[in-house]
Amino acid sequence: MHIDKEKQQELFAKYNTPEHVQRHCDEVARVSVLIAEELNERGFELNIEELRGAALVHDVLRTEKEHDRLGAEVLINMELPHEAELVRRHMTYHPFNHADRFEEIDVLCLADRLVKEDCYVGLDERMQYLIDKPGKTPERTERILKAKAHTQDIIDELEGVLGMTLDQLCGKERSMELIHQV
């Protein structure tokens with residue numbers, strides 16, 4: 001069993017996940033799956049169903065302190081250990097594997113860093129959004145910029161593996177195409 005849209009909605013209802021967080025989870029799942037499918041076409045063996053499931057609920061308890069740990073506990077109780085591990089690690093995962101050794105956790109964390117609210121925006125806009133959030137401090141800004149530099153290096157590697165940019169794969173134009181297909 002994996003998390004699907006029906007299970008996702010049950011969990012969102014049970015834990016009163018705000019609408020904007022629900023939309024964020026959907027977009028992170030969309031971006032995660034696009035990246036994973038492209039990697040699998042190039043010989044990777046990523047488990048797309050586990051990745052999609054974890055992405056669909058990675059922030060189910062976002063309004064709680066330690067939402068990553070608490071979300072993982074929910075999935076452990078549902079006997080979904082792989083999805084639970086992805087959710088548990090999504091906030092603190094560092095450093096990324098090199099792109100030629102990407103695993104599900106790399107894809108989930110990268111997708112989460114490229115999605116602002118419910119839209120793929122790319123790394124620059126997402127990191128600036130985090131920098132500008134209330135509670136801004138020089139230390140937090142430095143930490144975010146350091147993470148941004150590392151993530152950009154990984155994106156550069158990944159785009160080399162994919163033979164296209166993430167903007168081409170996941171960008172706004174693609175988002176609009178997919179929305180109109182639904």
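The values are calculated or read from the model by the stated rules, or taken from the named source; none is laboratory data. No experiment lies behind these values; they were computed from the predicted model shown. Cβ coordinates were reconstructed from backbone atoms using ideal geometry, including for glycine residues, and neighbour counts include every protein chain displayed. Heads up: the accessible areas ignore ligands, DNA and RNA and are worked out on the full protein's heavy atoms, side chains in. Shrake-Rupley method; radii C 1.70, N 1.55, O 1.52, S 1.80 Å.
Tell me which residues, restricted to the range 51-76, are under 17 Å from E27 (Cα atoms) and buried (at least 20 other Cβ atoms within 10 Å of the Cβ). Passing the criteria: L51, R52, G53, A54, A55, L56, V57, H58, D59, V60, L61.
Per the conditions (1) within 19 Å of E45 (Cβ to Cβ); (2) outside any helix (DSSP H, G or I); (3) of a type in the set (V, I, T), the sole criterion not satisfied by V107 is (2).
Across the range 116-137, not a single residue is classified as touching a His at 6+ places or on another chain (Cβ under 7 Å), part of a helix (DSSP H, G or I) and open to solvent by less than 90 Å² (accessible area, probe 1.4 Å).
Among the residues making up the range 90-119, a single one is free of Cβ contacts under 8 Å to residues at least 40 places away in the same chain and touching a Ser or Thr at 6+ places or on another chain (Cβ under 8 Å): R113.
Being open to solvent by less than 70 Å² (accessible area, probe 1.4 Å) and modelled with pLDDT of 95 or more: is that true of L145 here?
Values: open to solvent by less than 70 Å² (accessible area, probe 1.4 Å): no; modelled with pLDDT of 95 or more: yes.
In short, no.
Applying the selection to the range 84-108, what residues are β-branched (V, I, T) and open to solvent by 70 Å² or more (accessible area, probe 1.4 Å)? Give the steps one after another, and end with the answer.
Keep residues of the range 84-108 that are β-branched (V, I, T), which gives 87, 92, 105, 107.
Correct list: T92 only.
Entry remark, the range 73-121: residues being under 23 Å from C170 (Cα atoms), more than 13 Å from the chain's Cα centre (by Cα) and among the aliphatic types (A, V, I, L, M) number 1 in total. Taking the criterion of being touching a Pro at 6+ places or on another chain (Cβ under 9 Å) and among the polar types (S, T, N, Q), the only residue of the range 55-101 that qualifies is T63.
Being farther than 16 Å from P18 by Cβ and among the hydrophobic types (A, V, I, L, M, F, W, C) is the filter here, so list the residues in the range 59-78 that pass it. Give the derivation first.
Residues of the range 59-78 that are farther than 16 Å from P18 by Cβ, as a first pass: 66, 68-69, 72-78.
Answer for the range 59-78, where residues must be farther than 16 Å from P18 by Cβ and among the hydrophobic types (A, V, I, L, M, F, W, C): A72, V74, L75, I76, M78.
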